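The values are calculated or read from the model by the stated rules, or taken from the named source; none is laboratory data. Everything numeric here is computed off the predicted structure, so don't read it as measured data. Backbone-built Cβ (ideal geometry, glycine too); neighbour counts: all protein chains shown. Side chains are part of the model used for accessible areas, which takes the heavy atoms of the whole protein and leaves out ligands, DNA and RNA. Shrake-Rupley method; radii C 1.70, N 1.55, O 1.52, S 1.80 Å.
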Amino acid sequence: DSGVTQTPKHLITATGQRVTLRCSPRSGDLSVYWYQQSLDQGLQFLIQYYNGEERAKGNILERFSAQQFPDLHSELNLSSLELGDSALYFCASSVGGKDTQYFGPGTRLTVL
Amino acid sequence: GQQLNQSPQSMFIQEGEDVSMNCTSSSIFNTWLWYKQDPGEGPVLLIALYKAGELTSNGRLTAQFGITRKDSFLNISASIPSDVGIYFCAGQQETSGSRLTFGEGTQLTVNP
């Protein structure tokens, strides 16, 4: 158990819909990262937040957005969902902005 | 997209055998990490490497940070059935902050 929690574990929805994935970092960690894992693209970095502020952006679509709240939990919002958005979404956290990242168990999103 | 080339893609070995896998890149990385992912779970950190030439062990696992900073190797000695899973290399670059770039993964199967 990494100490990073993610909800829900599974999510099934339809194209065009919007979903929110939630992540709670390890106690004491200030940084949260979001990654997408798909069969064709592998594990890809999406975005990083540090203490409430966006720190780095990767291959994140404009339909996707994230935020980190004052209690340090983070949410990833995915809108106008397409079939190709079906993937595992992982959250990771670290103490600071550049320390070792520990991954949560992931949310499996299926878009039908 | 992916910048790390990981090989082999898959390995089928007998219990007790040693295993080697590697990761190469055309770019320099200042940190190399090795993760293991079990089905339905998030990646779990096995070993972190921070200096070129560094050789680090974690039980039966040994990893090395290549001298050129463009590669890394992971060895597993005396494999056991619970070593089954997907092993990922990941790297961090000075120019990309703390985001992780992942290899494609090595699927390891251990026959008892």
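Dipole magnitude for the protein assembly as shown: computed about the Cα centre from +1 point charges on Lys and Arg Cβ and -1 point charges on Asp and Glu Cβ, it is near 320 debye.
P(r) for chain A, from all Cα pairs and a bin width of 10 Å, is 16, 51, 28, 4 %, short bins first.
Beta bridges from DSSP with both residues in chain B: antiparallel share about 90 percent, rounded to the nearest 5. If I histogram all Cα-Cα distances within chain B using bins 10 Å wide from 0, what percent of pairs lands in each bin? That works out to 16, 49, 29, 6, 0, in percent per bin. Once you've got the GNM for chain A with C-alpha springs shorter than 10 Å, pick whichever of A:Asp85, A:Asp40, A:Asp29 has the biggest mean-square fluctuation. The residue that fluctuates most here is A:Asp40.
Here the stretch B:1-80 exposes an accessible surface that is 51 percent carbon and sulfur, computed with a 1.4 Å probe and the other protein chains kept in place. Of all DSSP beta bridges confined to chain A, the antiparallel ones make up roughly 90%. Peptide packing for B:13-19, B:25-31, A:65-71 was compared via the average number of neighbouring C-beta atoms within 10 Å per residue; ordered from the highest value, the list is B:25-31, A:65-71, B:13-19.
Note on chain B: GNM, Cα springs under 10 Å; of B:Ser82, B:Ser57, B:Ser20, the largest mean-square fluctuation is that of B:Ser82. Mind listing, in residue-number order, the residues in the stretch A:3-47 that have at least 50 Å² less accessible area with every protein chain present than in their own chain alone (1.4 Å probe)? Buried on complex formation: A:Leu43. Summing +1 for each Lys or Arg and -1 for each Asp or Glu, what net charge is found among the other residues whose Cβ lies under 12 Å from the Cβ of A:Ser80? Once all neighbours under 12 Å are counted, the net charge is -1. Here the calculated FRET efficiency for B:Asp38 and A:Arg22, from their Cβ-Cβ distance with R0 = 30 Å, stands at 0.85, rounded to the nearest 0.05.
Here is the interface size for B with A: some 1500 Å² of accessible area buried, both sides summed, with a 1.4 Å probe. Compared with its chain on its own, the stretch B:95-111 contains the following residues whose accessible area drops by 50 Å² or more in the full protein assembly (probe 1.4 Å; ligands, DNA and RNA excluded): B:Ser98, B:Arg99, B:Leu100, B:Phe102.
The relative contact order of the stretch B:61-112 comes to 32 percent, based on Cα pairs under 8 Å that sit 6 or more residues apart.
Accessible area per residue for the protein assembly as shown, computed on protein heavy atoms with a 1.4 Å probe, is 46 Å². Largest GNM mean-square fluctuation among B:Thr95, B:Thr56, B:Thr24, using chain B with Cα springs under 10 Å: B:Thr95. Evaluate the distance, in nm, between pseudo-label points positioned 7 Å from the Cα of B:Val84 and of B:Ile67 along their respective Cα→Cβ axes. Result: 4.0 nm between the two label points.
What percent does the relative contact order of the stretch A:1-109 come to when contacts are Cα pairs within less than 8 Å and at least six residues apart? Worked out over the stretch A:1-109, it gives 37 percent. Only Cα pairs under 8 Å and 6+ residues apart enter the sum, and on that basis the relative contact order of chain B stands at 37 percent. Inter-label distance, B:Asn58 to A:Glu82: 3.6 nm, where each label sits 7 Å from its Cα along the C-beta direction.
Let's test the formula: R0 of 41 Å, r as the Cβ-Cβ distance of A:Phe69 and B:Thr95. What FRET efficiency results, to the nearest 0.05? The pair A:Phe69/B:Thr95 has a calculated efficiency of 0.90. Residues of the stretch A:63-112 whose accessible area (probe 1.4 Å, heavy atoms of protein chains only) drops by at least 40 Å² once all protein chains are present, relative to their chain alone: A:Lys98, A:Thr100, A:Gln101, A:Phe103. Subtracting the Cα-Cα distance of A:Glu54 and A:Thr15 from their residue separation scaled by 0.36 nm leaves 11.3 nm.
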